[in-house]
Amino acid sequence: MGSFRGVHMNRFFTGLAVGIVGTAIVGGIAFMLIPVSARGLSKDTQAIYDRVKQQCKTEAKDRSLGLLQRRKYVANCVMDALKERPEADPCDLD
């Protein structure tokens, strides 16, 4: 009977751990999906970001990259382009 209790206790803690990790992952993904406009950027910074992002998307499409490669290319391109502009801090976009 002692081992029977241990099995239930292990299942409880396993379920609890899975729930906590799952909540952390879902919360992290939800935070990352907040659009830039909802993060409190000025209109000028938002306009710069939108223009740069559109240019980078066009470049990626011209290169005929796959979906994941294109997304990674666009993200890197936007970060590189905004590093040159002190008014649009790329750290605000993370």
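General remarks:
- Among (1) among the basic types (Lys, Arg); (2) surrounded by 10 or more Cβ atoms within 10 Å (Cβ to Cβ); (3) at pLDDT below 85, the one test that Arg5 misses: (2)
- All positions within region 56-74 that are under 18 Å from the mean Cα position of the chain (by Cα) and surrounded by 14 or more Cβ atoms within 10 Å (Cβ to Cβ): Cys56, Lys57, Arg70, Tyr73, Val74
- Extreme residue, modelled with the lowest pLDDT, among residues of region 35-55 that are within 22 Å of Lys83 (Cβ to Cβ) and within 15 Å of the chain's Cα centre (by Cα): Ser37
The values are calculated or read from the model by the stated rules, or taken from the named source; none is laboratory data. No experiment lies behind these values; they were computed from the predicted model shown. Cβ atoms come from the backbone with ideal geometry, glycine included; neighbour counts cover every protein chain shown.
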